[in-house]
1. Does Val56 satisfy being touching a Leu at 6+ places or on another chain (Cβ under 6 Å) and either within 22 Å of His8 (Cα to Cα) or in contact (Cβ under 8 Å) with a residue 40 or more places away in the chain (or both)?
2. Please verify whether segment 57-79 includes one or more residues that are of a type in the set (A, V, I, L, M), part of a helix (DSSP H, G or I) and surrounded by fewer than 16 Cβ atoms within 10 Å (Cβ to Cβ).
3. Suppose we filter segment 59-94 for residues that are hydroxyl-bearing (Ser, Thr, Tyr) and without any contact (Cβ under 8 Å) to a residue 12 or more places away in the chain; how many remain?
4. Considering only segment 53-80, how many residues are of a type in the set (Phe, Trp, Tyr) and more than 29 Å from Ser255 (Cα to Cα)?
5. Could you tell me which residue of segment 80-113 is farthest from the chain's Cα centre (by Cα), considering only residues that are in a loop (DSSP other than H, G, I, E, B) and over 22 Å from Arg18 (Cβ atoms)?
6. Read through the list (1) touching a helix residue (DSSP H, G or I) at 6+ places or on another chain (Cβ under 8 Å); (2) at pLDDT 95 or above, then give the number of the only condition that Gly248 fails.
7. List every residue pair whose Cβ atoms lie under 9 Å apart, where the two residues are 6 or more positions apart in sequence or sit on different chains, the first residue falls within segment 112-125 and is within 17 Å of Gly157 (Cα to Cα), and the second residue, located anywhere, is part of a helix (DSSP H, G or I) and of a type in the set (Gly, Ala, Ser).
8. From the residues in segment 80-100 that are of a type in the set (Asp, Glu) and closer than 17 Å to Gly157 by Cα, which one is surrounded by the most Cβ atoms within 10 Å (Cβ to Cβ)?
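The values are calculated or read from the model by the stated rules, or taken from the named source; none is laboratory data. For clarity, every value in this text was computed on a predicted model and none was experimentally measured. In this analysis, Cβ positions are derived from the backbone assuming ideal geometry, glycine residues included, and neighbour counts consider all displayed protein chains.
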Amino acid sequence: MLIDSHCHLDAEAFDHDREEVVNRARQAGVGAMLLPAYSCEHFVRLESVCQRYSMVDLTLWPAWGIHPCYVKQHNEDDLQRLEAWVSRSDCVAVGEIGLDRFLPESREPEVWRKQQHFFRYQLDLANRVGKPVVIHARHSYAELMSALRHCQVSAGGIIHAYNGPVNVAYTLVDAGFLLGLGGVLTQDSASRLAALVTRLPLSAMVLETDAPDMLPQALWRQGLRRHEPAWIVEVQARVAALRGISRGDVATATSANVQRCLGKLWLD
């Protein structure tokens, strides 16, 4: 069984064929998906998708949080609203949260301060409710490490789409985090990340799609532009090739890692 540890199945890109997308994922061997939120205005939509498409052979886990790319449109009242959502029993993690220096608007001091405030608040919130975090970090690994030193997350979590320095990767793993591997790993230019995958213990990795984004290179070259959970097998195959192990071994190990992180140990 495969677990997609980061998927936005609630995205509007899937509105016209979500059921078909779900069925293709099931046929590909995906047995569970973690769906992180990104904006308060989409919380109810995410909840509805998780309830509608969870079934006997597919579990959809919701995580709620405010994404760094969306903090500009949120306020302190939204952080209070978030507390109620992450305190619920069906919430498995706080996310997607983090820091993003790639955004042009992050150069504005006020926007950057707000990103940092929202991130640290949500790290603290995760500790208060005893849940792991799903972290987005882009062009901001130094700032990420500073925030995590300031607020250590007791339940650990997943660093989504990790593509940072090797030394930071080991520090994060030692701190109890898993590293999410997705479409970037399949790119010819991802030599540093590929080398890291050969060196890290398999117990530190999880697979993800970030669908509908971060399409694997081979599919992009075919002219496709929308990613979907079924294509997590492309990442699975790349990890297997890099480590010289079977795809089945990759699925077993990475799925167990997700379940351990989220406290969901009942799946086969």
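1. Working: touching a Leu at 6+ places or on another chain (Cβ under 6 Å): no; either within 22 Å of His8 (Cα to Cα) or in contact (Cβ under 8 Å) with a residue 40 or more places away in the chain (or both): yes.
Considered against the rule, which asks whether it is touching a Leu at 6+ places or on another chain (Cβ under 6 Å) and either within 22 Å of His8 (Cα to Cα) or in contact (Cβ under 8 Å) with a residue 40 or more places away in the chain (or both), Val56 comes out as no.
2. We begin by selecting, within segment 57-79, every residue of a type in the set (A, V, I, L, M); these are 58, 60, 63, 66, 71, 79.
This time we only want the ones that are part of a helix (DSSP H, G or I), so: 71, 79.
This time we only want the ones that are surrounded by fewer than 16 Cβ atoms within 10 Å (Cβ to Cβ), so: none.
No, there is no match, as no residue in segment 57-79 is of a type in the set (A, V, I, L, M), part of a helix (DSSP H, G or I) and surrounded by fewer than 16 Cβ atoms within 10 Å (Cβ to Cβ).
3. Within segment 59-94, the subset hydroxyl-bearing (Ser, Thr, Tyr) is 59, 70, 87, 89.
Remaining after also requiring without any contact (Cβ under 8 Å) to a residue 12 or more places away in the chain: 89.
Count: 1.
4. Of the residues in that region, 1 qualify.
5. Going residue by residue through segment 80-113, those that are in a loop (DSSP other than H, G, I, E, B) are 87-92, 101-103, 108.
Right, trim to over 22 Å from Arg18 (Cβ atoms) and you get 87-89, 101-103, 108.
On the way: Ser87: 19, Arg88: 20, Ser89: 20, Arg101: 18, Phe102: 18, Leu103: 19, Glu108: 26 Å.
So, considering only residues that are in a loop (DSSP other than H, G, I, E, B) and over 22 Å from Arg18 (Cβ atoms), the one farthest from the chain's Cα centre (by Cα) is Glu108.
6. Gly248 satisfies every listed condition except (1).
7. Phe119/Ala147; Arg120/Ala147; Leu123/Ala147
8. Our first condition is that a residue be of a type in the set (Asp, Glu); within segment 80-100, this holds for 83, 90, 96, 100.
Then drop every residue that is not closer than 17 Å to Gly157 by Cα, which leaves 90, 96.
Working: Asp90: 11, Glu96: 29.
Here the answer is Glu96.
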